[in-house]
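Data first, discussion second: the structure below is written as structure tokens.
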Amino acid sequence: MAPPNPSGQRYSPTMMWDSTPLFQFADMQEIIQNFVRVHVDAPGMEEGAPVFPLGYQYPSLDQLADMIPCILQYLNFSTIIGIGVGAGAYVLSRYALTHPDTVEGLVLINIDPNAKGWMDWAAHKLTGLTSSISEMILGHLFSQEELSGNSELIQKYRNIIAHAPNLDNIELYWNSYNNRRDLNFVRGGDTTLKCPVMLVVGDQAPHEDAVVECNSKLDPTQTSFLKMADSGGQPQLTQPGKLTEAFKYFLQGMGYMASSCMTRLSRSRTASLTSAASIDGNRSRSRTLSQSSESGTLSSGPPGHTMEVSC
């Protein structure tokens, strides 16, 4: 645990599976000041990672989830709040299903909890015959409208992926993601996320239908669904301010950062969040967010813990 800050409030452990520009955004600094932030790379994804030898068996996403307890033990974290993007959202969800007592909350961006069906598998194979691995990954990350527009952001990521020295490792990670198992969420059943969850997806994103379906299978009293307007496939890159504001609301709903001042979402009418609400005290506070709502006043809780995962 880090030492107390000047205001006397203790920092809280924060875990991340892949650092994104979201945590470099100016408005995110208030959160960073109140949480200890830890960056964790998937195997072979770290900067300067050597290329795995030919025939290397890359871990499945289930195996990556099984690695998390060792990380928490090493860092001496008892609980976390997880923030996952794409494959990372899947890994965190898989971990939360088997270790619910260690996960206080999850922010899942672009999660697809479903295994690929035969039609998806065939389409993936056909695409692989005509497209490079970098183009397939771009098609996973961004909407067709964004790719057609070929914006500066798209050009940047196309260049990063195409010239990545560990592209062979990225392809192995990509294959593991495409071979994921179904999470088998069932609303009201035993296979579900038992912590507060915020689902995030951009409008017209490649993952929109999957996130909508995921929302329909989770507990509505614990789940907030945020569809972000004008954000494309990567809302954490294109709308970091609005996503940061939503994240602060989410933390307030869990009893953290009660004194945080938020104005961006209260002024915005560009998107909506839909979810059932429950107001019965403790952690069953309202799980409904809106980009036109005002922030409530919540009692501050003890220090919390956080994590992020991305593909």
Q) Would you say ALA49 is out of contact with any His (no Cβ under 8 Å at 6 or more places or on another chain) and within 23 Å of THR191 (Cα to Cα)? A) no
Q) Which members of segment 43-84 meet the condition of being more than 17 Å from HIS99 (Cα to Cα) and touching a Leu at 6+ places or on another chain (Cβ under 6 Å)? A) TYR58
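Kindly check whether there is at least one residue in segment 179-201 that is part of a helix (DSSP H, G or I) and in contact with a Ser or Thr (Cβ under 7 Å, 6 or more places away or on another chain). Before you say what the answer is, go through the steps one by one.
Restricting attention to segment 179-201, the residues satisfying the condition of being part of a helix (DSSP H, G or I) are none.
The answer is no, given that none of the residues of segment 179-201 is part of a helix (DSSP H, G or I) and in contact with a Ser or Thr (Cβ under 7 Å, 6 or more places away or on another chain).
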Q) For segment 216-238, how many residues meet the condition of being open to solvent by 20 Å² or more (accessible area, probe 1.4 Å) and either of a type in the set (Asp, Glu) or more than 14 Å from the chain's Cα centre (by Cα) (or both)? A) 8
Q: Count, please, the residues in segment 73-107 that happen to be outside any strand (DSSP E or B), open to solvent by less than 10 Å² (accessible area, probe 1.4 Å) and not polar (S, T, N, Q).
A: 9
Q) For TYR157, are the conditions met, namely being open to solvent by less than 50 Å² (accessible area, probe 1.4 Å) and farther than 22 Å from LEU61 by Cα? A) yes
Q) Which of the residues that make up segment 37-70 are open to solvent by 40 Å² or more (accessible area, probe 1.4 Å) and either in a strand (DSSP E or B) or among the β-branched types (Val, Ile, Thr) (or both)? A) ARG37, HIS39, VAL51
Q. Does segment 244-254 contain at least one residue that is open to solvent by 20 Å² or more (accessible area, probe 1.4 Å), modelled with pLDDT under 70 and part of a helix (DSSP H, G or I)?
A. no
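The values are calculated or read from the model by the stated rules, or taken from the named source; none is laboratory data. Nothing here was measured: the structure is a model prediction, and the numbers come from that model. Glycine also receives a Cβ, built like all others from the backbone with ideal geometry; neighbour counts cover every protein chain displayed. All accessible areas refer to the heavy atoms of the entire protein, side chains included, with ligands and DNA or RNA removed. Shrake-Rupley method; radii C 1.70, N 1.55, O 1.52, S 1.80 Å.
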